[in-house]
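Before any comments, here is the structure.
Here, each number is a calculation from the coordinates, and none is a lab measurement. Being a predicted model, the structure only gives us computed values, none of them experimental. All Cβ positions, glycine included, derive from the backbone under ideal geometry; neighbour counts span all protein chains shown.
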Amino acid sequence: MKNNYNLPILAAFVITLGLTSNLHAQTFDVWTLDVHSKIFSDSQPAETKNIAISAASNEFESAQFAIRSSVDQPGVTITPSALTCEKTGQKIDASNIRIRRIGMLHITKNTQQADEIVVRKAPCDLPEILYDENVVSLKADETMGIWVTVFVPKGVAAGNYVGSIAIRNENIETELPLSLEVFPFELPDTRHLYMTNWWSLSNIARYHELEYLSEEYWVMVEKYLKNMGEHRQNVILVPWIPSSGKFLRAVRKEDGTFEYDFSGFERLLQLAEKYGVAERIELSHVGGVNRESHSIDFISTSLFDEKTQENVTLSVDEWLEPSLKALCDYLKKTGRLERAMIHVADEPYLQDIEAWRAASKRIRDIAPELKQIDAIETMNFSNRLDVWVPKLTHFDRWRQGYETRRDQGEFWYYICCHPVGVHYPNRFMDLPSARIRVLHWINYSENLVGYLHWGYNYWQGDAYGPPTETYGSGDTHLVYPTKDGLLDSIRWELQRESVEDFEYLKLLEESVAQYKSELDPEIAWMIDPKSRPMELARKIVPDLVNTTTDGMLIQQTRLELAREIEAATGDLKLVVQTFPEVGRVIYTGPSLVELYGVTTPGATITINGEKTAVTDDGYFKRLFHASAAGTIDISVQATLGEKSVQTTRTFTVK
């Protein structure tokens, strides 16, 4: 089968079945949709016929389809086949294809100030929960969504793989074609983006009805950590305040010193490390901001006192210094101190900054080697904060102040119950799904190396009931508890897609940088490894208030990224640099674009169909001019033997 380099066609087909002896024919419909579309119970069939996706090895890739019948259809079994490479016959086993029913969740209110973009007005039911079910029952004239997740194992050769998804019961027997293009590169295990979603360890005990810190509890905790790792989360929030019954246990001896038991703390870290979730360790907050007094209220703790033979409550003056020193000693002894960072107090505002700085200094004086991190709502953290995490809206509005402090530490961003409205992205259920997919394109486009959100499993009330009206729909959680484990949400799956997109951007940057390092400096001078990935990122994030809501544009741009990675890493290489960069509007008077490129020596270069001179070491260049408003379209193709690679650039001229 010829390689299909077009955007994956998301298609479906309609089958008419005579299910009864009635004169009126009954219908059963199957169709596919882009993963950024939402499937509702009243969604109607589309003229599409197959699933076609693409991925690198070591990558998850999602798809979805809808099924609908005009009569009840009990016991419909959905079974994927293995995928077979059309060229080599290599197979991707069906165990790498996960089928899940899309469940609906009722919401009672929409995101504030977002009426223009919400996908459906509340109250309404929204597609959200992914149930591990491959046997489903359809109700007459109600559409059901099915989510498909394909994992491409390491070592799978590039090529086009084909298979199908069988859909059958006693009345139905049909197959949905499934094709997968595997790119000739691998998504690295190494994470280039720090991502944390805070979790509630007490909620795991409460909602699963398990005794806190029992063996059954630890089994469940491991399932949550495995889920985080599978979604490329690599930072974990760890409670550390010492007490008699928590992860870090402590007692006060008769002489007033403390004895610490790090076994629970160690067990939690080892499990997180097992699944790659502890590349950074977030130590929980020492205090909280008092909004009325603008002070920092340090946490008190309760532990057993041997002298009084009872639990006593200790103020921060009694427990902080000895406990923090003991913790740092333990982290250093176990080789984790460099990965650890501590929270002082969450979200200090301008009015709170003096108290926050004093609290930060107190912690720094006790533990000078321990990094400090906080989600922040103002700017004056110089010489105090090591990991700056401004809210996305504040980073955008106060960018001048933050940019001048880039040398003060790492910069992340966070979102939570804010931002709301139509301008900035967030992960609320009723917003277009592309608003989630863009989250980590933002990390690349704005040079923000980490992402923080407070709500992984902070369910409140019924986890499967309408989201609390205190927060936006989905703000509190990404997963759902079950008797035996947990279920993903569509939003959590799309966030993984976004993290993988970020890795594509980094992989292109690193691949071009590696290629540049192998070239003669006389050629390599013009190559900026960040230029092309940034151009593509800006298609999705032109700025923070204009991130795309077009899921198909994201898919197309991801495919462009993949082609550029292929061109920078394959046997036939092609790297192109333009001045100005793509995305910048050119104004007449005159309008000039300089194009430089390098390819594998011996390759032929054609630009807009015309052969172009190439030096013996693969260097070429071209000048373009526009005398009137319009566009400058440039297509560059390199050919060597039977292989060819291509890249395009388009400029707007005004």
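Do you know the relative contact order of segment 280-335, to the nearest whole percent, from alpha carbon pairs under 8 angstrom that are 6+ apart?
Relative contact order, segment 280-335: 19 percent.
Treating the angle as unsigned and between 0 and 90°, give the value, to the nearest 10°, between the Cα long axis of helix 490-517 and the longest Cα principal axis of the chain.
The two axes meet at around 70 degrees.
I need to check one value: relative contact order of the chain, counting alpha carbon pairs closer than 8 Å and at least 6 residues apart, in percent.
Result for the chain is 11 percent.
Placing +1 at every Lys and Arg Cβ and -1 at every Asp and Glu Cβ, with all other atoms neutral, what dipole size does segment 308-382 have around its Cα centre, in debye to the nearest 20?
Around 480 debye, computed over segment 308-382.
Report the full-extension gain for the segment Thr482 to Asp462: residue separation times 0.36 nm, less the Cα-Cα distance, to one decimal in nm.
Gain on stretching Thr482 to Asp462: 6.0 nm.
Measuring from label point to label point, each 7 Å out along Cα→Cβ, what is the Asp329 to Lys253 span in nm?
Label at Asp329, label at Lys253, 1.0 nm between them.
Decide, for segment 538-586, between rounded, prolate and oblate: order the square roots of the alpha carbon gyration tensor eigenvalues as a ≥ b ≥ c, take rounded if a/c falls under 1.5, and otherwise choose prolate if a/b is larger than b/c, else oblate.
Note, shape of segment 538-586 comes out oblate.
Nearest 500 deg cm²/dmol is fine: what mean residue ellipticity at 222 nm does the chain get from its DSSP H runs of n ≥ 4 alone, each adding -39,500 (n - 2.57), divided by its residue count?
-7000 deg cm²/dmol
Would you mind calculating the gained length between Glu469 and Lys154 on full extension (0.36 nm times residue separation, minus the Cα-Cα distance), in nm to one decimal?
Here the segment from Glu469 to Lys154 would lengthen by 109.1 nm.
How would you rank 399-408, 266-275, highest first, on the average number of other Cβ atoms within 10 Å across their residues?
Packing proxy ranking, top to bottom: 266-275, 399-408.
Please report the antiparallel percentage of the DSSP beta bridges confined to the chain, to the nearest 5.
75
For the Cα atoms of the chain, what angle does the longest principal axis make with the long axis of helix 215-230, in degrees from 0 to 90, nearest 10?
40
Between segment 76-154 and segment 580-628, what is the C-alpha centre distance in whole Å?
44
Which lysines have a Cα lying under 18 Å from the Cα of Lys621, excluding residues fewer than 8 positions away in the same chain?
Result set, ordered by chain and number: Lys516, Lys573, Lys611.
For segment 401-424, list residues with backbone N below 15 Å from a point placed 7 Å from the Cα of Asp543 toward its Cβ?
What the label zone holds, given the 15 Å backbone N cut-off, is 423-424.
Sort 383-393, 151-161 for me by packing, meaning the mean count of neighbouring Cβ atoms within 10 Å per residue, highest on top.
Packing proxy ranking, top to bottom: 383-393, 151-161.
Once both labels are modelled 7 Å past Cα along the beta-carbon direction, what's the Thr79-Arg336 spacing in nm?
4.6
By per-residue mean of other Cβ atoms within 10 Å, what is the highest-first order of 421-427, 647-653?
421-427, 647-653
Send over the Kirkwood Rh of segment 176-310, from the inverse of the averaged 1/r over different Cα pairs, rounded to one decimal Å.
17.8
Pairs Lys49/Lys139; Lys87/Lys539; Lys109/Lys483; Lys121/Lys506: which are spaced more than 26 Å apart, C-alpha to C-alpha?
Correct reply: Lys87/Lys539; Lys109/Lys483; Lys121/Lys506.
Extension gain Ile117-Thr190, at 0.36 nm per residue separation less the Cα-Cα distance, in nm?
22.7 nm
So, in nm, how far is label Tyr349 from label Val312 when the simple model puts each one 7 Å beyond its Cα toward the Cβ?
3.8
Once you order the gyration tensor axes a ≥ b ≥ c over the Cα atoms, which shape class does segment 55-192 get: rounded for a/c under 1.5, otherwise prolate or oblate by comparing a/b with b/c?
Cα axes put segment 55-192 in the oblate bin.
Output the 0 to 90 degree angle, nearest 10, between the alpha-carbon long axis of helix 353-366 and the longest principal axis computed from the alpha carbons of the chain.
With rounding to tens, the tilt is 70 degrees.
Rounded, prolate or oblate: pick one for the chain, where a ≥ b ≥ c are the square roots of the eigenvalues of its C-alpha gyration tensor, a/c under 1.5 means rounded, and failing that, prolate if a/b is larger than b/c, else oblate.
Since a/c reaches 1.5 but b/c is at least a/b, the shape of the chain is classed as oblate.
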